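Notes follow once the structure below has been shown.
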C-alpha cells in the first residue's frame, strides 16, 4: 500500500498530539523552555516516511532556541542590573564632585590683587598713612630727645651765672632755645638804655620771651597734626573701602545667582581687608599722638624754665645797674 505525503503528515500530527496530551499540564509549564523538543523528535525520526522527520524536527528545533532565549535573558538580567546600578551611582556622585569649586588661597596679597580699583586705592592710601605715622614717630622721637637733652645741659651751665653776659659766655656760640632767650633779654636791655622804668623793660622782655615760647611750641609740634588726622580718619577711610567692596561682592553674587561660600567669601574678605588696614594705620597713630602730647608738654615746661632763668638774669642786671648808678650819685 502506497503512503502519500499527506497521510504521513497526518500520522505525524496525530502522534505529536497524543504525546503532548500525555504530558501533565504542570510539567508542560515547568519544562516548557527546553524539554518538549527532544521527546517529539525521537518518535518522528522512527517513521519510514523520509519527509516526516524533517517536517517535525524543524518546529522542535525552533522551539528550543526560543525557549532558551528567555532563560538566557533571565540569567543575564541580574548582571545587567549589577552593571547599570554602579553606573547610575557613579553618575549620581559625579555632579557632587563639581558642585564645590576649589577655593583660592586668601592671603593678604592675593586679596589685595583681586580687589576692586577703588578698594586698592583705599588700601594704598592707608598703607602710605601708616608709613607716615612711623616716620613721624621716629623723627619726632629723635628731635624731642635731642632738644630736651640740650636744654637740660644749658640750664645746668647757666644755673650759677650772675648776669646775662656771664650766661652767654658759659653757653658759648651754641644755638638753642636758652641762647635765644638770653639774646632777646640783652637786646631789650640795650634798646631800653636810659629808661628808668625797670618794670617796662621786664614787661617788654617777657613779651619777647612769650613769642619765642610760642614759636618753639609750633616747631616742636610739627608732624603731630598728621598723627591726629591719620588717627581720626583712617577707620572711616577703611570703612569706605569695606562698604564699596561688599557692594561689589553682592553685585557679583546676584550675577552668579549662587550663595556658595566659595563665591561669597573672597569678595567679603577683600572688603574687610580695607577696614583692617585702616585700623592698623589708626591705632598706632592715636597711641603715638598721645605719647608725643605728653613728651611735648614736658619739653615746653623746660622751655618755660629757660624763659624764667633769662628773666631772672635780666632782673639782676637791671638791679645791678641801678645800684651802681645810685652809688655813683652818692659819691
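Laboratory data are not the source of any read-out in this text; all were calculated from the coordinates shown. Computed from a prediction, not measured in an experiment: that's the story for all the values here. Cβ coordinates were reconstructed from backbone atoms using ideal geometry, including for glycine residues, and neighbour counts include every protein chain displayed.
Observations, loosely collected:
- Ranked for footprinting exposure by Cβ neighbours inside 10 Å, fewest first, 203, 143 give 203, 143.
- Averaging 1/r over each pair of different alpha-carbon atoms in region 108-330 and inverting the result gives 21.7 Å, the Kirkwood hydrodynamic radius.
- Counting neighbouring beta carbons within 10 Å and listing from fewest to most, the residues 120, 297 come out as 297, 120.
- Arranged from fewest to most other beta-carbon atoms within 10 Å of their beta carbon, 261, 300, 171 become 261, 300, 171.
- Estimated FRET transfer efficiency when R0 is 22 angstrom, pair residue 174-residue 315 (beta carbons, to 0.05): 0.40
- Cβ-Cβ FRET estimate between residue 264 and residue 210, R0 fixed at 45 Å, reported to 0.05: 0.10
- Over all Cα atoms in region 218-260, the spread is summed up by Rg and Dmax: 18.6, 59 Å.
- Between the beta carbons of residue 124 and residue 146, assuming R0 = 45 Å, the FRET efficiency works out to 0.85 to the nearest 0.05.
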